[in-house]
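Heads up: the structure comes next, in structure tokens.
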Amino acid sequence: MDRDGTEDTGWDVDPEDEQGAAVLAALGRQLRAWREEAGIGAAAFGHAIGYGEDLVRKVEAGKRIPRPEYLDKADETLRAGGKIAAMKADVEQVRYPKKVRDLANMESRAVEIGAYRIHGVHGLLQTEDYARALFEMRQPAYGEDEVERYVAARMARRAFFDRQPAPSLSIVQEEATLRRRIGGTMVWRQQLERALGVAGLRHVAFQVMPINCEVHAGMDGGIEVLKFENGTAVGRSEGAFGGRPVSDPRQLRVLELRYGMVRAQALTPLESRAFIEELLGEG
């Protein structure tokens, strides 16, 4: 369901996402074949599952990404015995924007993540309302569907915390990112509480870079390094190598050196949790 309680209709397909477009085109053809074999028109089918004819035709044309509930209702109405519902796994793989899927895929494979953030709170720590507020303030402005698609994708990344064994996560946040009341005081407080909860996990090291640290190794921009089980790694920094992702060991050493110095110059994890608690007390 949407936030206003109306039926969720899905998202438009990104024409630049070739993989997603191919999957959804194949899905649409199968759905249309099932419907036509059952002898049901698009309008009648839409009425039966609680959606409009226009949406049915868009899904069947591969132009609209159906929600899981759409496929469940289609399976029941067409008496497909679970064959249509089983397509949810394929749709899940292309449900979110490609760049978000690529990031989530890397996070799902990483055994260690280190990140220094200078603007917003790190995506893995964000609450739904905080993420929505960030996407709603983007310029040029996102459409409502686009905002909800990105919010859903960001929340899906929380699966990172369900992995066993738990990967190591180290995050350093600039103090200003924690003081800025994105979305208003209530959303801000909930975000701080979420960060505090994650900071208490055994496999997480959360630190704050205080504003009174006049100069530090992260002044050129944010840093993120992901390490994988096979010994490879990928990293990116706004202030190094043109902001491009890098995997060359020599370039990674530069990012790791900077991130190591940032951690050394930040508050300790214990001091950082106390800092968040103090902010909550002030608010």
Notebook entry, point to check: Hey, which of these cross-link pairs are over 29 Å Cα-Cα: LYS58/LYS88; LYS63/LYS227; LYS58/LYS98?
Noted result: LYS63/LYS227
Check: Could you list, bin by bin from short to long, the percent of Cα-Cα pairs of the stretch 20-111 in 5 Å steps?
Finding: 2, 14, 24, 24, 14, 8, 6, 4, 2, 0, 0
Next item on the list: Averaging sequence separations of C-alpha pairs under 8 Å and six or more residues apart, then dividing by the length of the chain, give the relative contact order as a whole percent.
Entry: 16 percent
Check: Roughly to the nearest percent, how much of the accessible area of the stretch 58-204 is carbon and sulfur, given a 1.4 Å probe?
Finding: 49 percent
Next item on the list: Give me the percent of DSSP beta bridges within the chain that run antiparallel, rounded to the nearest 5.
Entry: 55 percent
Next item on the list: Tell me the Kirkwood hydrodynamic radius of the chain in angstroms, computed as one over the mean inverse distance between distinct C-alpha pairs.
Entry: 21.1 Å
Notebook entry, point to check: Residues with amide H under 5 Å of VAL111's amide H, sequence separation 5 or more or different chain, H placed in the peptide plane at 1.01 Å from N; which?
Noted result: LYS227, PHE228, GLU229
Notebook entry, point to check: Any idea of the accessible area per residue across the stretch 48-197, 1.4 Å probe, to the nearest Å²?
Noted result: 46 Å²
Next item on the list: Using only the Cα atoms of the stretch 142-267, build the gyration tensor, take square roots of its eigenvalues as a ≥ b ≥ c, and label the shape rounded, prolate or oblate: rounded if a/c is under 1.5, else prolate if a/b is larger than b/c, else oblate.
Entry: rounded
Check: Say the dipole of the chain comes from +1 at the beta carbon of Lys and Arg and -1 at that of Asp and Glu; which of ALA85, VAL147, GLY39 then lies farthest toward its positive end?
Finding: ALA85
Next item on the list: Among LEU178, GLY52, GLN190, pick out the residue whose Cα is farthest towards the positive end of the charge dipole of the chain, where Lys and Arg carry +1 and Asp and Glu carry -1 on C-beta, about the Cα centre.
Entry: LEU178
Next item on the list: Tell me the Kirkwood hydrodynamic radius of the stretch 99-200 in angstroms, computed as one over the mean inverse distance between distinct C-alpha pairs.
Entry: 14.3 Å
Notebook entry, point to check: Using the C-alpha atoms of the stretch 13-172, what convex hull volume per residue, in cubic angstrom, is computed?
Noted result: 129 Å³
Item checked: Rel. contact order, % - alpha carbon contacts under 8 angstrom, at least six apart, the stretch 28-156 -> 17 percent
Margin query: Please report the spacing between the Cα centers of the stretch 119-154 and the stretch 177-245 in Å, no decimals.
Written below: 17 Å
Item checked: Between helix 18-37 and the chain: long-axis angle, C-alpha atoms, 0 to 90°, nearest 10 -> 30 degrees
Check: Roughly how big is the chain's charge dipole about its Cα centre, with Cβ charges of +1 (Lys, Arg) and -1 (Asp, Glu), in debye to the nearest 20?
Finding: 600 debye
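The values are calculated or read from the model by the stated rules, or taken from the named source; none is laboratory data. Since we're looking at a predicted model, the values are computed, not measured. In this analysis, Cβ positions are derived from the backbone assuming ideal geometry, glycine residues included, and neighbour counts consider all displayed protein chains. Heavy atoms of the whole protein, side chains included, go into the accessibility calculation; ligands, DNA and RNA do not. Shrake-Rupley method; radii C 1.70, N 1.55, O 1.52, S 1.80 Å.
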